[in-house]
There are 2 protein chains.
Amino acid sequence: MKKAPVYRNIKVNGFLFAGICSGIKKTGKKDLALVFSEVPSVTVGLFTTNNIKAAPVKLAIKRLNGRKKCQAIIINSGNANACTGQEGLKNANAMIVATAEKLGISPDLVQVSSTGVIGEQLPINKIRQSIPGLVRKLSPYSLTDAADAIMTTDSFPKAIRKKVKIGSKTGTIAGIAKGAGMICPNMATMLCYILTDISISHRLLEHDLNDAVNRSFNRLTVDNDMSTNDSVFVMANGMLGNDAITAGSADDEAFKNALQEITYDLAKMIARDGEGATKLIEVVIKGARSVADADRVARAISGSMLVKTAVYGNDPNWGRIMAAVGYSGVKIRENKIDIYIGRVKVVSKGAGTNKQKQAARGLQDKTVVITVDLGAGDKMVRAISCDLTEKYIAINAEYRT
Amino acid sequence: MKKAPVYRNIKVNGFLFAGICSGIKKTGKKDLALVFSEVPSVTVGLFTTNNIKAAPVKLAIKRLNGRKKCQAIIINSGNANACTGQEGLKNANAMIVATAEKLGISPDLVQVSSTGVIGEQLPINKIRQSIPGLVRKLSPYSLTDAADAIMTTDSFPKAIRKKVKIGSKTGTIAGIAKGAGMICPNMATMLCYILTDISISHRLLEHDLNDAVNRSFNRLTVDNDMSTNDSVFVMANGMLGNDAITAGSADDEAFKNALQEITYDLAKMIARDGEGATKLIEVVIKGARSVADADRVARAISGSMLVKTAVYGNDPNWGRIMAAVGYSGVKIRENKIDIYIGRVKVVSKGAGTNKQKQAARGLQDKTVVITVDLGAGDKMVRAISCDLTEKYIAINAEYRT
């Protein structure tokens, strides 16, 4: 089911990209990426809520606090630089300094991310030696090289682009991401970099990104584990030359929608490429009393191993969905609940409709939509998940060995 | 790794048991069990906290409320009688009435449990027709037949017995249970029946059972899913002839300890027999500020799919344990944490000790103990889990098909 990315030659005004192999990964695959803007960009970051944070995440939180611009982000895969103590912080900082030096900009304008195995020190000399070559490779057409270089167990690079009309001009928003495992609500082992030439204030960008992430990565579940490294960055370099977008304007509406589409589509790509996954699952909760209620039910269903394996096995076992609704903790009335698998109504007012056969056919699709109507209100939430297969186990039982 | 039960001919003064095939299961395996006491017994029940409750659970909660005695419990496997509406309640009641009639006792003294597939009506006629044969089979030596008949995807029946000195007499506590899948903290698809000839008040029994279940079944995780049917019953028929145990006495201490051992050992059997499991995992959290903190950390680790698959793959990937500690939500200091896999210290003060090789050897045992010392206090908790394998997926992807 794995799919190559749709976009190949994504270009965003003023941004250059590179992705190379520095030797962190023993496989010889790309493991070092660089995103660079010709001018300092308004930058916002969102990070894991795990109490154990990787060194680069600790640095980024501290360094973005109060500082609102950034011009370059260096990212390595193959090593998370997490649980690495003072040496880890020193190494993360060394990546920043070496990158800034080679680019000829202030280290204040450089950020760093890492992803991979926890608890091992970075091979910092290899990385330092590779930075000149990485900078030499910078090109406006190399976004997918960067997307390649941030992958860990991902089976395909994830990149996407949207064009947005801002006044009389047409801006671009592009994004790359990595995911695959250890993904759970609240963006676990997920890295995402979104780049735009549209001019927008730091405050509004922060607001719009929060909103977009809440509706996408924060409602994405692969295996309920949350990583130490999750990070989402947005850089807006303003090179489109538009008047900076203001809150509540039509331009803001267009920008916000595009940003939401970008994050939701990347979240879907991550689920589709979930470790071992063969199917994308979309969980739609309707008729909830509140968004918070809908959210809890959506998380219970999208995180249920029994629901995920049933989807994998083409088994329209709605009892497992019902049980997840029940243990979500949300107050429900059993005899108000309708459940659909695809378009087939398998539960009506809490009771089975004996349409398992039709529902089983729908389960063979590569995208399975499970809809639950709680019959208690008018609030709705959409969450993203994937099926759980033998291959997930094989990948994670053998990750390091 | 699956093991046959240790105890074969368990006898508890005044209790009779039976287990037969009534035809609910299409495989021809036993699916109907009866537990009967010659005299009405003090009875306590604890049930699933899932908001969607099976019909027999709804009935039991209602019928045990205020009524403190019971003499017989009829249990079927193969069908959960959950999400079955009014007809389900009628059928559960019909099982009670038919059993009471055949035993010649009041229906008020009969309870019912079900386990199996959700959303299908019970084949009530088959069950009714089988009850006379079930009653005829009652014998003091048939506890393991009953343990057999309550199994679903379990690979072996779970039964255990302890002798307890109460004053100058020796009482017996025996228990049977079923588990296998859909098990998570708060006793999911788990049925357990504990029988004793010791005399104890309803109030004290309730207190002691709550305590025992909190330390065992409520700290047991197979797959984080919680069922609609979980039930634990204790029947105390007093036929030992002891003076009823009083709270705080030495007898109560002995009784409580034995009850805790019974529930903990049954919980371990359930984990060992987790769907597809090859290893039992015990998670020990030490040095916590509070029991609640220790409990949250224990649940995060014992529920982590990445930790479970790492144990399966003999991969001493302590980073996954660390990440789970971090996302448990408990405030921790990274540089205070020690982690042991078996007896090997893999993390000291938050940093790896490079003892992966030794730790990997320990992971090959059939029981793996993961110990985390949070270095924040003196509270401790012990939780039970099992590894996650390809077979879990195969079992659950093909459960009904």
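Observations
- Condition check for B:A98: more than 14 Å from chain A (Cβ to nearest Cβ), assigned to a strand (DSSP E or B) and among the hydrophobic types (A, V, I, L, M, F, W, C): no
- Residues (acidic (D, E) and surrounded by fewer than 21 Cβ atoms within 10 Å (Cβ to Cβ)) located in the range A:350-394: A:D365, A:D373, A:D378, A:E390
- Residue match in the range A:305-312 (condition: surrounded by fewer than 22 Cβ atoms within 10 Å (Cβ to Cβ) and touching a residue at least 24 places away in the same chain (Cβ under 8 Å)): no
- Of all residues assigned to the range A:350-367, none qualifies as being more than 29 Å from the chain's Cα centre (by Cα), more than 12 Å from B:G119 (Cα to Cα) and acidic (D, E).
- Subset of the range A:32-62 (residues that are more than 14 Å from every other protein chain (Cβ to nearest Cβ) and part of a loop (DSSP other than H, G, I, E, B)): none
- The listed residues are A:N335, A:N314, A:N354, and the only one of them that is at positive phi and within 9 Å of chain B (Cβ to nearest Cβ) turns out to be A:N314.
- Residue check, B:I73 touching a Leu at 6+ places or on another chain (Cβ under 8 Å) and away from chain A (no Cβ under 14 Å): yes
- Filtering the range A:230-283 to residues that are on the phi > 0 side of the Ramachandran plot and either touching a Lys or Arg at 6+ places or on another chain (Cβ under 9 Å) or crowded, with 23+ Cβ neighbours inside 10 Å (or both) leaves A:G241, A:G276.
- If you check B:I384, B:I370 for being modelled with pLDDT of 95 or more, part of a strand (DSSP E or B), on the phi < 0 side of the Ramachandran plot and touching a strand residue (DSSP E or B) at 6+ places or on another chain (Cβ under 9 Å), only one passes: B:I370.
- So B:S114, is it assigned by TED's automatic domain parsing to the domain that holds B:D145, under 20 Å from B:D230 (Cβ atoms) and buried (at least 17 other Cβ atoms within 10 Å of the Cβ): yes
- The range B:32-61, residues that are buried (at least 23 other Cβ atoms within 10 Å of the Cβ), more than 18 Å from the chain's Cα centre (by Cα) and more than 17 Å from B:V234 (Cα to Cα): B:L32, B:I52, B:A55
- Residues located in the range A:303-343, provided they are at pLDDT 90 or above, aliphatic (A, V, I, L, M) and either under 30 Å from the mean Cα position of the chain (by Cα) or closer than 12 Å to B:G119 by Cα (or both): A:V307, A:A310, A:V311, A:I321, A:M322, A:A324, A:V325, A:V330, A:I339, A:I341
- When B:G319 is tested against (1) within 14 Å of chain A (Cβ to nearest Cβ); (2) touching a residue at least 40 places away in the same chain (Cβ under 8 Å); (3) touching a strand residue (DSSP E or B) at 6+ places or on another chain (Cβ under 8 Å), only condition (2) is not met.
- Within the range A:89-99, the set of residues being closer than 15 Å to A:L32 by Cα and surrounded by fewer than 19 Cβ atoms within 10 Å (Cβ to Cβ) comprises just one member, A:A94.
- Checking each residue in the range A:37-59 for being touching a residue at least 60 places away in the same chain (Cβ under 8 Å) and over 27 Å from A:L240 (Cα atoms) picks out A:F47, A:T48, A:T49, A:N50, A:I52, A:K53, A:A54, A:P56, A:V57.
- Test: residue in the range A:258-267 that is of a type in the set (S, T, Y), assigned by TED's automatic domain parsing to the domain that holds A:L34 and either touching a Cys at 6+ places or on another chain (Cβ under 7 Å) or assigned to a helix (DSSP H, G or I) (or both): yes
- Qualifying residue in the range B:229-237 (condition: in the same structural domain as B:D208 (by TED's automatic domain parsing) and over 18 Å from the mean Cα position of the chain (by Cα)): yes
- Being touching a Phe, Trp or Tyr at 6+ places or on another chain (Cβ under 6 Å), on the phi < 0 side of the Ramachandran plot and part of a helix (DSSP H, G or I) is a property that B:A294 lacks.
- Among (1) under 19 Å from B:M380 (Cα atoms); (2) part of a helix (DSSP H, G or I), the one test that B:I281 misses: (2)
- Some residue of the range A:310-322 being closer than 19 Å to A:N218 by Cα, in a helix (DSSP H, G or I) and hydrophobic (A, V, I, L, M, F, W, C): no
- Yes/no for A:K29 being part of a loop (DSSP other than H, G, I, E, B) and surrounded by fewer than 16 Cβ atoms within 10 Å (Cβ to Cβ): yes
- Hits in the range A:241-257 (condition: in a loop (DSSP other than H, G, I, E, B), of a type in the set (A, V, I, L, M, F, W, C) and more than 26 Å from the chain's Cα centre (by Cα)): A:A244
- With respect to the conditions (1) under 13 Å from the mean Cα position of the chain (by Cα); (2) at pLDDT 95 or above; (3) not aliphatic (A, V, I, L, M), A:S216 lacks only one, and its number is (2).
The values are calculated or read from the model by the stated rules, or taken from the named source; none is laboratory data. Keep in mind that what you see is a predicted model, and the values were worked out from it rather than measured. All Cβ positions, even for glycine, are placed from backbone atoms using ideal geometry, and neighbour counts span all protein chains on display.
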